[in-house]
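The values are calculated or read from the model by the stated rules, or taken from the named source; none is laboratory data. All values reported here derive from a predicted model rather than from experimental measurement. All Cβ positions, glycine included, derive from the backbone under ideal geometry; neighbour counts span all protein chains shown.
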Amino acid sequence: MKQAADPQAFSVYLKEGTQTIHDELDQRVMQLNPFADKAHYQGFLRMQLRLHTAGEQVYHNQQINNLMPEIEQRSRLYAVLQDCVDLAIPVELQQHDQQVGKLFKIADPYAGLGWLYTIEGSTLGAAMLLKHVKNSLGLSEAYGARHMAAHSDGRATHWREFKAILDSLTLNDLQRKQALDAAKQAFYFVTETVDEIMVIGKKEVAG
Ligand code: HEM
């Protein structure tokens, strides 16, 4: 029998607080046919590059690493960058996307937890997205879709472990709220990015 999730659990609080934005984002991305062809998928990858660049500072934050000792190894920024190279995204666009991502400053560790939740959670949806990428574009975890690869322990196990750490933290209401606001901020950042760079036909401006 499946155990019911603890409604007070931090991970449940984050999931419930971001569910609406996630649903909207998910629909918006799929409406834009991200896997229709190489050009569409390039836009999707650039969105991932901005997200992972913005979140990268959290993976190296000392306070976060004290709470989650292996988090540094979970960063997927390098894999996203390799995917960008595989798909021949021009270097100047990659640099521009990294500049945009780096504009975010996430110094507060509770905000960092929220960003981590959003970025780590996106590995779950990636299972489904990877199937589309394989079927439509012939890419794989070894080429072009490296950032969608499952963790060696398996996606579900990895996510369960991550949530268990989140749920073991002792946080007050304000700290939980700071994390939720940051998780939402990460989703909003992606939503804006999707509208800016995934709508094919819009004029591209680098730098
Ligand atoms: C078209 C794009 C997307 C689709 C179709 C999608 C789909 C999904 C699905 C099906 C799940 C649940 C998987 C499961 O429970 O086994 C999920 C979870 C999640 N996704 Fe997405 N996703 C998309 C994009 C994103 C993006 C861009 C982000 C981050 C900005 C994101 C963040 C999350 C998070 C945080 C969870 C975990 C929710 C939880 O707490 O259980 N997703 N996604």
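Some notes on this structure:
- Looking only at the range 1-54, residues that are in a helix (DSSP H, G or I) and within 19 Å of ASP181 (Cβ to Cβ) come to 18 in all.
- Filtered residues of the range 92-133 (kept if among the β-branched types (Val, Ile, Thr), part of a helix (DSSP H, G or I) and either away from the ligand (no atom under 12 Å from the Cβ) or over 13 Å from the mean Cα position of the chain (by Cα) (or both)): VAL100, VAL133
- A single entry from TYR59, TYR78 fulfils the requirement of being surrounded by fewer than 17 Cβ atoms within 10 Å (Cβ to Cβ) and of a type outside the set (Asp, Glu): TYR78.
- Meets criteria (among the polar types (S, T, N, Q) and surrounded by 13 or more Cβ atoms within 10 Å (Cβ to Cβ)) for THR157: no
Yes or no, residue by residue, for (1) modelled with pLDDT of 95 or more; (2) among the charged types (D, E, K, R):
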residue	(1), (2)
LYS2	no, yes
PRO7	no, no
LYS15	yes, yes
ILE21	yes, no
VAL29	yes, no
HIS40	yes, no
ARG46	yes, yes
ARG50	yes, yes
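- Hits in the range 134-187 - residues which are among the hydrophobic types (A, V, I, L, M, F, W, C), more than 14 Å from the ligand (Cβ to nearest atom) and either assigned to a helix (DSSP H, G or I) or farther than 30 Å from ALA39 by Cα (or both): LEU137, LEU169, LEU171, LEU174
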